[in-house]
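Before any comments, here is the structure.
The values are calculated or read from the model by the stated rules, or taken from the named source; none is laboratory data. Note that the structure is a prediction, hence the values are computed from the model and not measured. Every residue, glycine as well, gets a Cβ built from its backbone with ideal geometry; the counts of neighbours run over all protein chains shown. Keep in mind that these areas ignore ligands, DNA and RNA; they rest on the heavy atoms of the full protein, side chains included. Shrake-Rupley method; radii C 1.70, N 1.55, O 1.52, S 1.80 Å.
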Amino acid sequence: MRRWITKPLAALALAACAPLGAPAPGSVPPLEAPHENDADDGQRRAALAASDAEEATALEPGFLAGGPVPIESDDAVFGALNAPLTLVAFMDLECPFCQRVQPTIERLRRDYAADLRYVFKHNPLPFHEQAKPAAVAAQAVLALGGPRAFERFTATLFDHRKRLGEDLFYEVALDVGIGESVLRAALRDPRFVEQVERDMATAQELDAHGVPAFFLDGVKISGAQPYDAFRAAVEEELPRARALARDGLAPAAVYVARTRDNFTEAPPLPAAATDPAEDTTLHRVPVGSSPVDGSARALVTIVEFSGFQCPFCKRVQPTLVDLKALYGDKLRIVFKHNPLPFHTRSRPAANLAVYALKVGGTARFFEAVRLLFESSPNLEDADLERVAEKLRLNPAQALRAARDDRYAKTIEADQALAEDFGARGTPHFFINGHRLGGAQPLEKFKEVIDERLKAAEALVKSGTPPHRVYAAIMKTAEPAPGPDTTEVGPPPPDAPYRGAPNGKIVVQLFSDFECPFCKRVRSTLDELLAAYPGRIKLVWRHLPLPFHKRAVPAAEAALEAYAQRGNDGFWNMEELLFSGQSQPGGLDAAALETYAKNLGLDLVQFRRAMAEGRHRARIQADADAAKAAGFLGTPVFSINGYFLSGTQSPIKFKRVVDYALEHPRPSGRKKPAKGGGERE
């Protein structure tokens with residue numbers, strides 16, 4: 001019997017979900033012991049794993065064998081293991097349709113709790129730049145924290161899918177009991193990438209090219225279908241599976257038998273069930289002073305953003321070699337650096353490559369690129385020395401350049417350009433200005449290149465010299481958009497601040513002492529002040545969110561410290577409050593008084609100010625200003641009137657600051673601010 005289901009989408013709101021059961025955590029060997037400063041996180045993680053174990057049962061040995069839709073021992077599996085039905089889902093954590101279907105799946109799991117087992121697999125689409133890193137992080141969370149942590153982690157990522165990135169991964173991991181250093185260590189383990197790639201390969205074999213895609217005992221259900229579509233499939237399949245179980249077949253045998261009966265290669269997904277089309281904008285991506293492999297007369301220019309420790313960047317290199325051989329002088333490749341923070345050895349490798357460029361020229365640079373990718377992911381100092389020797393460079397000097405981050409400005413300029421054009425994941429390509437994300441197969445590159453080549457040849461026929469083709473195309477392309485603007489007014493003259501009192505750039509920070517995202521961004525702001533000495537005034541504004549019940553008293557304590565000890569008193573209290581945020585009772589009244597005592601404040605005055613609510617009018621005035629500007633979450637920033645929200649990377653902050661220095665008066669798009677790490 002060959003069946004598949006494709007029906008129209010239903011618009012559904014995302015609901016919170018909780019696991020209905022799970023395989024035993026710990027089947028994956030431990031990765032790395034927590035660092036000392038992760039002790040509390042380790043206790044939370046251990047408690048979470050213990051909670052999972054209480055309601056989990058190990059997969060039966062035979063359960064994984066056979067059938068066209070395999071289930072692996074390291075998959076996230078929920079529900080009773082003796083359930084007669086199995087629903088396997090292929091998901092993309094950046095896909096809006098995958099987000100939309102979550103409450104439907106959760107309802108289905110509740111309604112058929114005794115009859116349905118649920119398996120979560122990954123199929124990150126190539127034009128979703130953060131989907132693959134998110135999937136890899138999710139698999140690491142599964143290994144470290146168990147299925148409960150995995151489900152909470154993925155549910156939160158769906159909630160914040162437009163903000164996917166390493167900062168969010170670490171923040172959410174902390175919330176499910178996994179410390180940042182532990183997750184960072186896990187992400188260096190290649191097995192999680194391999195697990196995601198295995199799921200992707202399985203999806204291709206099953207012809208599940210779009211997401212979400214489901215297999216109910218082999219019955220393919222395409223897209224974010226309404227609940228009734230899933231229920232109808234379950235009601236049709238359940239009697240058959242139960243009959244086999246009554247005949248004495250083990251759950252594994254039932255699954256294999258029904259999957260073999262039901263499975264078939266499905267027709268292409270209907271347009272309504274697929275993810276949005278790839279970006280069709282023509283982007284004005286400059287070549288600049290980046291190294292170029294190919295002729296200046298090439299009619300097609302590929303600008304590549306890449307990182308040397310990225311496995312997908314390594315995978316695509318043979319494809320680029322094949323393209324060069326195929327198109328010859330018609331194609332040139334421009335290399336730009338985008339070492340992602342969780343690839344900790346990408347940045348030293350990038351410095352070595354730039355050193356090779358400075359010392360030996362373009363040919364030596366591209367030889368360095370080849371050798372570094374050959375060595376990747378092994379890019380420790382000894383590996384870099386070996387690469388330098390093969391390049392006939394001075395190994396000691398090359399390694400010193402890598403260690404000292406000597407070419408930080410060059411690398412960060414490329415990263416800033418990547419930020420400007422939304423190329424947050426790697427590898428990322430712009431082919432004569434047309435975006436292509438991910439390690440795509442050769443045929444996909446050819447499809448885009450052939451189309452761009454045809455247009456370029458038309459320009460040459462109309463009189464454009466070959467060496468001017470790219471410049472001519474870029475004239476009609478869209479430049480990188482400037483930052484959004486906001487209408488928040490100037491800060492109060494007596495507001496707490498750090499940095500230069502008369503700084504040309506005024507950064508207004510709207511923050512909440514109980515918000516974990518506000519705590520995380522502090523180190524970035526320290527880095528920002530250090531990068532622009534004497535030019536930035538960082539002003540604190542209060543925006544306590546209603547669901548943070550301890551945020552207002554904490555803000556009052558900080559303002560009383562400011563009243564008694566000025567800026568130093570405020571920022572010293574700010575440090576204590578954020579340190580206490582993650583401690584039990586760390587923002588309670590007793591803790592606030594302890595902080596005041598440690599700072600040497602007048603405790604009589606402090607108690608009176610807290611009892612009288614002396615500073616609440618100031619807190620409310622800041623909150624009102626934020627509301628008028630449309631700020632809904634924290635942290636939110638106004639940088640000389642330009643808008644930025646959330647725990648963005650230092651590069652993003654620097655880009656907005658640089659833009660504000662070049663454009664003193666906000667111009668361009670006006671967009672109500674909606675951002676922040678947390679919102680009401």
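Given the conditions (1) more than 20 Å from GLU412 (Cα to Cα); (2) open to solvent by less than 10 Å² (accessible area, probe 1.4 Å); (3) touching a Ser or Thr at 6+ places or on another chain (Cβ under 7 Å), which single one is not true for THR301?
(3)
Out of all the residues in the range 199-221, which are at pLDDT below 85 and among the small types (Gly, Ala, Ser)?
Those that are at pLDDT below 85 and among the small types (Gly, Ala, Ser): ALA201, ALA208, GLY210.
Look at the range 575-605 and say how many of its residues are open to solvent by less than 20 Å² (accessible area, probe 1.4 Å) and out of contact with any helix residue (DSSP H, G or I) (no Cβ under 6 Å at 6 or more places or on another chain).
Restricting attention to the range 575-605, the residues satisfying the condition of being open to solvent by less than 20 Å² (accessible area, probe 1.4 Å) are 577-578, 580, 586-587, 591-592, 596, 601.
With out of contact with any helix residue (DSSP H, G or I) (no Cβ under 6 Å at 6 or more places or on another chain) added as a condition, the list becomes none.
Matching residues across the range 575-605 total 0.
Identify all residues within the range 75-129 that are acidic (Asp, Glu) and either in contact with a strand residue (DSSP E or B) (Cβ under 8 Å, 6 or more places away or on another chain) or over 30 Å from ASP247 (Cβ atoms) (or both); write none if there are none.
Initially, the range 75-129 is screened for residues acidic (Asp, Glu), giving 75, 92, 94, 106, 111, 115, 129.
Correct list: ASP75, ASP92, GLU94, GLU106, ASP115, GLU129.
Looking at the structure I just gave you, is LEU391 in contact (Cβ under 8 Å) with a residue 24 or more places away in the chain and either open to solvent by less than 50 Å² (accessible area, probe 1.4 Å) or under 26 Å from GLN130 (Cβ atoms) (or both)? Don't jump to the end; show me each part of the working.
Details: in contact (Cβ under 8 Å) with a residue 24 or more places away in the chain: yes; either open to solvent by less than 50 Å² (accessible area, probe 1.4 Å) or under 26 Å from GLN130 (Cβ atoms) (or both): yes.
When the stated conditions are applied, LEU391 passes them.
For ALA356, all conditions in the list (1) over 30 Å from the mean Cα position of the chain (by Cα); (2) free of Cβ contacts under 8 Å to residues at least 60 places away in the same chain; (3) surrounded by fewer than 23 Cβ atoms within 10 Å (Cβ to Cβ) hold save one; what is the number of the exception?
Here ALA356 clears every test but (3).
What single numbered condition from (1) open to solvent by 70 Å² or more (accessible area, probe 1.4 Å); (2) among the charged types (D, E, K, R); (3) touching a strand residue (DSSP E or B) at 6+ places or on another chain (Cβ under 9 Å) fails to hold for ASP484?
Evaluating ASP484 over (1) open to solvent by 70 Å² or more (accessible area, probe 1.4 Å); (2) among the charged types (D, E, K, R); (3) touching a strand residue (DSSP E or B) at 6+ places or on another chain (Cβ under 9 Å) leaves (1) as the failure.
At pLDDT 90 or above, of a type in the set (Val, Ile, Thr) and touching a helix residue (DSSP H, G or I) at 6+ places or on another chain (Cβ under 8 Å) - does that describe any residue in the range 84-97?
yes
For the range 253-262, which positions are open to solvent by 10 Å² or more (accessible area, probe 1.4 Å) and in contact (Cβ under 8 Å) with a residue 40 or more places away in the chain? Lay out the reasoning, then the answer.
Restricting attention to the range 253-262, the residues satisfying the condition of being open to solvent by 10 Å² or more (accessible area, probe 1.4 Å) are 253, 256-258, 260-261.
Across the range 253-262, the qualifying residues are ALA253, VAL256, ARG258, ARG260, ASP261.
Among residues belonging to the range 623-648 that are closer than 17 Å to ALA495 by Cβ and β-branched (Val, Ile, Thr), point out the one that is surrounded by the fewest Cβ atoms within 10 Å (Cβ to Cβ).
Per the stated criteria, the residue is ILE639.
How many residues, within the range 544-566, are at pLDDT below 95 and within 23 Å of ILE639 (Cα to Cα)?
Residues that pass the stated criteria total 2.
Considering only the range 196-226, how many residues are under 30 Å from ALA245 (Cβ atoms), assigned to a helix (DSSP H, G or I) and open to solvent by 10 Å² or more (accessible area, probe 1.4 Å)?
So the answer is 3.
Is it true that some residue in the range 153-173 is over 15 Å from the mean Cα position of the chain (by Cα) and modelled with pLDDT of 90 or more? It would help to see each step written out before you state the result.
Step one: filter the range 153-173 for residues over 15 Å from the mean Cα position of the chain (by Cα), giving none.
Checked against the condition, which is being over 15 Å from the mean Cα position of the chain (by Cα) and modelled with pLDDT of 90 or more, the range 153-173 yields no hits at all.
Take the conditions open to solvent by 20 Å² or more (accessible area, probe 1.4 Å) and in contact with a His (Cβ under 9 Å, 6 or more places away or on another chain) and apply them to VAL552. Does it pass?
yes
Select from the range 141-168 the residues that are free of Cβ contacts under 8 Å to residues at least 60 places away in the same chain and either over 18 Å from ALA89 (Cα atoms) or open to solvent by 20 Å² or more (accessible area, probe 1.4 Å) (or both) and list them in ascending order. Break it down stepwise before answering.
Just the residues of the range 141-168 that are free of Cβ contacts under 8 Å to residues at least 60 places away in the same chain, to begin with: 141, 152-153, 156, 160, 162.
Residues satisfying the conditions are VAL141, ARG152, THR156, HIS160, LYS162.
Of the residues that make up the range 320-327, is at least one open to solvent by 20 Å² or more (accessible area, probe 1.4 Å) and within 29 Å of VAL211 (Cα to Cα)? Spell out how you get there, then give the answer.
Our first condition is that a residue be open to solvent by 20 Å² or more (accessible area, probe 1.4 Å); within the range 320-327, this holds for 321-322, 324-327.
This time we only want the ones that are within 29 Å of VAL211 (Cα to Cα), so: none.
The answer is no; no qualifying residue exists.
Any idea which residue in the range 500-534 is most open to solvent (accessible area, probe 1.4 Å), counting only those that are among the small types (Gly, Ala, Ser) and under 23 Å from the mean Cα position of the chain (by Cα)? Step through it out loud before you land on a result.
So the first thing to find is which residues in the range 500-534 are among the small types (Gly, Ala, Ser), and the list is 500, 503, 511, 523, 530-531, 534.
From what is left, the residues that are under 23 Å from the mean Cα position of the chain (by Cα) are 511, 523.
Working: SER511: 4, SER523: 78 Å².
By that ranking, first place goes to SER523.
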